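S.K.: Quick one: structure below, then a few questions.
The values are calculated or read from the model by the stated rules, or taken from the named source; none is laboratory data. Predicted model only: the values in this text are computed from it and were never measured. Please note: Cβ atoms are built from the backbone with ideal geometry, for glycine as well, and neighbour counts cover all protein chains shown.
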Amino acid sequence: MTVSPNMRSVAATDRSIEAACEYLAAGELVGVPTETVYGLAANALDESAVRKIFAAKGRPDNNPLIVHLPDVAAMRQVVRWPLDPVVMDQFEAIADLWPGPLTIVLPRSERLPDAVTAGQATVAVRIPSHPVMQQLLRRSGLPLAAPSANRSKYVSPTTAQHVVDGLGDRVSMVLDGGACTIGLESTIVALGEQPRLLRPGAITAETLATRWNVPVESLLPVDQRPVVLEAPGMMLQHYSPRTPLLFADPSASVPAGRMGRIAFAPLSPEESKTFAIVRVLSDTGDLNRVGQHLFAAMRELDAMGLDAIITDTCAAEGVGRAIMDRLKRAACRE
Ligand code: TXA
Ligand code: MG
């Protein structure tokens, strides 16, 4: 397998996963499937490999990376162990949500290069469930630092082709593990005196609040802004298509021009006719399906040279909290 600007992704097989392990062990970058979004992976213990991630994405080096592990036992490689008792209790109440779309911020081990954590005292860790990523983690034996495999500020990738489109000339290989089943980046929580939600995702704030027996509101930023300080990657403009994104307003008429439409459920034929293209994300308005297909629809419509994309919205609760978070970031122009 060679590095080429015209590269294609490679179907994940025993052989291609073995090749990916070799690239990772040699300090190179590999595009990898996870159940949330595709990641841009490097050996988290290799400082120069980690620096390549920042260069490839055009990512500011003050924005720390998530470290992916195969199981809880592997956490000792990157987390300061043992956890203090308060944090351990919080951790044990949610540990069964792994493997899955959940990232937990914990005190870091000194072994980890500063580049991964952007010099912070904490490290974000995740145990993904995707079988290809699981195999890669187990076979390589490496903790893998991996941000979403998009250029900084663009929409996260949910297929191998999305990774090739954005970063094909920057990676040694892209492993194709199929389209992501969740489609939204993982939920991020920070444990400590009080657990906090740093990024909403498919593991909902409501689920976490039940586990910790606290009100949902106690997990959320007081003025909606501390997240910006806490997780530097979460600045407001993020995940944006180049085409302006507007929220559908049923009481207003559709603006003039070539408009694209992202619908969470089927539109009436009359309404559909007013758009150059309509992408329906779910037959029934199921928000898990909406989350699964949202980024692919944004990317597809963004490539069509439309004047604007108009999208449905939903209540910011359950997985809808993550969907509205991503839509607000994508719609933000400043
Ligand atoms: O679903 C996901 O989480 C995907 C897949 C590939 O695992 N990864 C992902 O990574 O979305 P990225 O880098 O695009 O987003 C990670 C977020 C950033 O906003 C970063 O600021 C935050 O996690 N983060 C990382 N380490 C942190 C830490 N120690 N404390 C607070 N936030 C942290
Ligand atoms: Mg990202």
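S.K.: Tally up the residues in the stretch 253-274 that are part of a loop (DSSP other than H, G, I, E, B) and over 19 Å from PHE295 (Cα atoms), please.
M.R.: So the first thing to find is which residues in the stretch 253-274 are part of a loop (DSSP other than H, G, I, E, B), and the list is 253-258, 264-268, 274.
Then keep just the ones that are over 19 Å from PHE295 (Cα atoms); that gives 253-258, 267-268, 274.
Total satisfying the criteria: 9.
S.K.: Restricting attention to the stretch 198-224, report how many residues are at pLDDT 95 or above, part of a loop (DSSP other than H, G, I, E, B) and of a type outside the set (Gly, Ala, Ser).
M.R.: Of the residues in the stretch 198-224, 6 are at pLDDT 95 or above, part of a loop (DSSP other than H, G, I, E, B) and of a type outside the set (Gly, Ala, Ser).
S.K.: Which residues, counting only those in the stretch 286-316, are over 12 Å from ILE262 (Cα atoms) and out of contact with any Gly (no Cβ under 7 Å at 6 or more places or on another chain)?
M.R.: Once the filter is applied, which keeps residues that are over 12 Å from ILE262 (Cα atoms) and out of contact with any Gly (no Cβ under 7 Å at 6 or more places or on another chain), the stretch 286-316 yields ASP286, ASN288, ARG289, ALA303, GLY305, ALA315, ALA316.
S.K.: Another question, if that's okay. Given LEU112, LEU45, LEU83, which one is farther than 30 Å from GLY166 by Cβ, at pLDDT 95 or above and part of a loop (DSSP other than H, G, I, E, B)?
M.R.: Every option except LEU83 fails the conditions.
S.K.: Out of (1) in contact with a Leu (Cβ under 9 Å, 6 or more places away or on another chain); (2) among the basic types (Lys, Arg); (3) more than 9 Å from ligand 1 (Cβ to nearest atom), what's the single condition that is false for ARG126?
M.R.: Of the numbered conditions (1) in contact with a Leu (Cβ under 9 Å, 6 or more places away or on another chain); (2) among the basic types (Lys, Arg); (3) more than 9 Å from ligand 1 (Cβ to nearest atom), the odd one out for ARG126 is (3).
S.K.: For the stretch 95-108, name all the residues that are buried (at least 16 other Cβ atoms within 10 Å of the Cβ), touching a helix residue (DSSP H, G or I) at 6+ places or on another chain (Cβ under 9 Å) and not in a strand (DSSP E or B).
M.R.: The answer is LEU97, TRP98, PRO99.
S.K.: Right, here's the next one. So which residues in the stretch 137-166 are under 17 Å from THR181 (Cβ atoms) and either more than 15 Å from the chain's Cα centre (by Cα) or polar (S, T, N, Q) (or both), if there are any at all?
M.R.: Listed by number, the residues that qualify are SER148, SER156, THR158, THR159, GLN161.
S.K.: Which residues, counting only those in the stretch 95-127, are over 16 Å from GLN77 (Cα atoms), within 17 Å of the chain's Cα centre (by Cα) and of a type in the set (Gly, Ala, Ser)?
M.R.: Result: GLY100, single match.
S.K.: State all residues of the stretch 84-94 that are aliphatic (A, V, I, L, M) and in contact with a helix residue (DSSP H, G or I) (Cβ under 7 Å, 6 or more places away or on another chain); if no residue qualifies, say none.
M.R.: Filtering the stretch 84-94 down to residues aliphatic (A, V, I, L, M) leaves 86-88, 93-94.
Listed by number, the residues that qualify are ALA93, ILE94.
S.K.: For the stretch 308-327, what are the residues that are part of a helix (DSSP H, G or I) and either farther than 15 Å from GLY201 by Cβ or touching a residue at least 24 places away in the same chain (Cβ under 8 Å) (or both)?
M.R.: If the condition is that a residue be part of a helix (DSSP H, G or I) and either farther than 15 Å from GLY201 by Cβ or touching a residue at least 24 places away in the same chain (Cβ under 8 Å) (or both), then VAL319, GLY320, ARG321, ALA322, ILE323, ASP325, ARG326, LEU327 are the ones that fit.
S.K.: Of all residues in the stretch 138-165, which are assigned to a helix (DSSP H, G or I) and surrounded by 24 or more Cβ atoms within 10 Å (Cβ to Cβ)?
M.R.: ALA160, HIS162, VAL163
S.K.: Consider the stretch 21-32. How many of its residues are crowded, with 21+ Cβ neighbours inside 10 Å, touching a Ser or Thr at 6+ places or on another chain (Cβ under 9 Å) and not in a helix (DSSP H, G or I)?
M.R.: So in the stretch 21-32, the residues crowded, with 21+ Cβ neighbours inside 10 Å come out as 23-24, 29-32.
From what's left, touching a Ser or Thr at 6+ places or on another chain (Cβ under 9 Å): 23-24, 29-31.
In the following step, the residues that additionally are not in a helix (DSSP H, G or I) were identified as 29-31.
Selection size over the stretch 21-32: 3.
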